[in-house]
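Presented below is the structure to which this report refers.
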Amino acid sequence: MGDGFIELDGVEKVFSVRRRAGLLRRERHEVRAVDGISFTVPRGEMVGYIGPNGAGKSTTIKMLTGILTPSGGRLRIAGLDPSRQRALLARRMGVVFGQRTTLWWDLPLRDSYALVRRMYRVPEARFRANLDRCVELLDLGGLLDVPVRQLSLGQRMRGDITAALLHDPEVLYLDEPTIGLDVVTKATVRRFLRELNAERGTTVLLTTHDLTDIEQLCERVMVIDHGRLVYDGALGGLHEIGESERTLVVDLERELPPIEGIDGARTVRTQGPRQWLAFPSSASAAPLVARIAADYPLVDLSVREPDIEEVIARMYAGR
Ligand SMILES: Nc1ncnc2c1ncn2[C@@H]1O[C@H](COP(=O)(O)OP(=O)(O)O)[C@@H](O)[C@H]1O
Ligand SMILES: [Mg+2]
């Protein structure tokens, strides 16, 4: 592979879940959360990773950090395999999950940070310098002795970001770090991240619902939809996604091999008796439905508009 700091080649994550199928029966079926993703991020870059809910963003981040093991493909961070060399990589990466704190709920921030320091064996002087810097830039003065449970969401998030950076990680993964934050805190966090990336050269992968985050922080944005990378480039080019595909979701009487031979449509996914067929947004669904109904035991169907277009349209509309 190339010389990327983060390298993914056909990475997949399939979850096997059990779902109720009647009163007593449970069926196993597969959820393809990440469906063959390839990208490279050079050292020092700050990239946005966006997509609708359930697209596979958090699952990707969990694989990058080694929390989850890919079901397929190849993933390397600085040449290391996160799921096998997690301890080695832990010292070199920081991660922040916006929906969940990594801090100790009952402890004041100061004590949480002392634990982090011992966990990563950060030299005292380094720890001091990093903490002082974060306290100043993230405006944490006066909060260090407050138990985490008493902090507001914005305060806690700034506390979490600090915790992720005390050991000087080379790469920082942020999963929705600005979700639910007020405007002022968002601005503080953005300014901080921009400086971190510019001055320390920290590589940053940022998941967000806020287009302003991307606009102000990332020259490059990757868009993921249904577990696949559908765009990788400048933010301005996102408008192009407009001419994409719609999806026909077909429920058959039973599990069958992927539907074939329907002109203008291709089966992109199957899950038990359910199959997904992609077709051009400009085409009518009616002839496809007629063909499928004629050849297959059709129970139900629906047409799904591309989620990502919706999300991006909403993002642009909200500005
Ligand atoms: N542990 C799990 N077990 C089963 N399914 C999961 C699990 N984690 C995530 N999923 C499914 O994988 C898909 C992607 O989820 P996720 O990566 O959290 O999406 P995003 O972060 O983009 O909203 C969703 O359909 C979700 O329900
Ligand atoms: Mg998520």
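We did not get these values from a lab; they are worked out from the coordinates using the rules stated. Because the structure is a prediction, the values reported are computed rather than measured. Here Cβ is always computed from backbone atoms with ideal geometry, including for glycine, and neighbour counts include all displayed protein chains.
Note on the chain: GNM, Cα springs under 10 Å; of A163, A285, A125, the largest mean-square fluctuation is that of A125. Extents of the chain, largest first, come to 73, 45, 42 Å (Cα atoms, principal axes, whole angstrom). Computed from Cα positions, the angle between helix 286-295 and the longest principal axis of the chain comes to roughly 70 degrees.
For the stretch 145-242, count all C-alpha to C-alpha pairs, find those more than 24 Å apart, and express that count as a whole percent of the total. Cα-Cα pairs in the stretch 145-242 separated by more than 24 Å: 28 percent.
Projecting label points 7 angstrom from Cα along Cα→Cβ for N53 and D300 puts them 2.0 nm apart.
Between the beta carbons of V183 and R110, assuming R0 = 30 Å, the FRET efficiency works out to 0.60 to the nearest 0.05. Relative to the longest principal axis of the Cα atoms of the chain, helix 124-137 runs at roughly 70 degrees. Dipole check for the chain: with +1 at the C-beta of Lys and Arg, -1 at the C-beta of Asp and Glu, and the Cα centre as origin, the magnitude is about 1280 Debye.
Taking the Cα-to-Cβ direction at E255 and at T212 and moving 7 Å from each Cα, how far apart do the two end points lie in nm? Taking the two extended label points, one gets 4.8 nm. Loop-located trypsin sites (Lys or Arg not before Pro) in the stretch 118-161 (DSSP state not H, G, I, E or B) with no more than 15 neighbouring Cβ atoms inside 10 Å: R121.
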